[in-house]
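Every number in this text was worked out from the coordinates using simple rules, so none of it is lab data. Given the structure is predicted, the values throughout are model-derived calculations rather than measurements. Here the Cβ is made from the backbone with ideal geometry for all residues, glycine too, and neighbour counts use every protein chain on show.
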């Protein structure tokens, strides 16, 4: 049964506003990292803020005091035409709506379990419009009042800076998940510190701190933005700070050296090493000792496989033992090969140039494999090597023309991280959530 409401929407909006006002010192900005300054919290500005929020009483552009709303989810095999037909909308209008939707958001693209809202003049009135929500960021208005039209809208997004810290007890993955940190944030931390920290050997007692963006729509979190800075202490202190200029973009350490080396340490994320490089390994299928000139990374079927460095696809094919495989030539010295793929990524073929981190295929178990994994092999001057023991050349640091701006940016980020860490400690002294590591918003 559709949930019918009118007054509740206004109550929810006002409650969200009042809750937001309790949070002190908010840093809010739209699609910008800087300036990292806090808005004036004077009483006059705060009053204007309250007034503007309370006056915003529209849902999908419709005044909640003048219209009636019914929310529901799309059922399996249900289409917009059938929804509108059972609401008494004439077939001629449905047909016209379908034709006008083709270039905006085709009515045939709706999917089961997605939210939609019927907007009416009152609980028993005719349908003014149907609003479909394909994702948290957008909604589509199929308007039937006065003139028939279809319009796709993007919700305004608010971005907040947040801080998190923690300590490894069993594994880095478990520590971050226990503290409600998303998979994408774990992924970004690996990027920020990839050349500084070997996350496959995270140890109990290792500590981390993160400064990052989180995006909100209508006071609800929808996605993670940029990771502004990452800190990791495993006996030595490591920093990865995001910096962007006209010609440079990425993560850099305190001295301005890029976080990413010429080669990534692994071709897949969220994996484990199931078998290492060996000149004499017992083969699990052939049941005899045989050289294993690669490192096996076990991961779920369909996990993206990335090129570990820039290069050109030298071979793409299928082998009885190797299954689906790709070989990349990176330079005159190094080549890498990726075995047992379930399938290749779109556009991947011989001669195509790929960039470091680009998805080239997906984890599978084709060929001689006991389970889903990628066997990753590297050759140096034509000879197999253990890539985990190789000392790759370091990338060039930021040039003198940019380094001064980077140092200024670095210092402001570190200052902000330190200030938010102090707030975290004060907050955790007052409230015990039961976790070893706490996370805090900049609003607190």
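Note on residue 365/residue 92: beta-carbon distance plugged into 1/(1 + (r/R0)^6) with R0 of 56 Å gives a FRET efficiency of 0.55.
Averaging the sequence gap over all C-alpha pairs within less than 8 Å and six or more residues apart, then dividing by the number of residues, gives the range 272-389 a relative contact order of 29 percent. With a cut-off of 14 Å on the backbone N, the residues of the range 354-397 near the modelled label site 7 Å out from residue 274 along Cα-Cβ are 363-376.
For residue 66 and residue 180, what does the FRET efficiency come to when R0 = 51 Å and r is the distance between their Cβ atoms, rounded to the nearest 0.05?
Between residue 66 and residue 180 the formula returns 0.85.
Listing 265, 111, 389 from fewest to most neighbouring C-beta atoms within 10 Å gives 389, 111, 265.
Across the range 130-149, the residues whose backbone nitrogen lies under 18 Å from the label position 7 Å along the beta-carbon direction of residue 218 are 130-143.
Evaluated on the range 283-416, the Kirkwood hydrodynamic radius is 16.7 Å, with distances taken between all distinct Cα atoms.
The range 116-145 and the range 221-265 have Cα centres lying 43 Å from one another. Remark: spin-label model distance residue 300-residue 135 equals 1.9 nm, labels positioned 7 Å along the Cα→Cβ axis. The length gained by stretching the chain between residue 320 and residue 423 to full extension, at 0.36 nm per residue less their Cα-Cα distance, is 31.2 nm.
Here the gap between residue 411 and residue 203, fully extended at 0.36 nm per residue and compared with their Cα-Cα distance, gives a gain of 72.0 nm. Site pair residue 403 and residue 381 shows an inter-label distance of 3.2 nm when each label is modelled 7 Å from Cα along Cα→Cβ. When 63, 198 are sorted by how many other C-beta atoms sit within 10 angstrom of their C-beta, beginning with the fewest, the order is 63, 198. If R0 is taken as 35 Å, the Cβ-Cβ distance between residue 149 and residue 249 corresponds to a FRET efficiency of 0.30.
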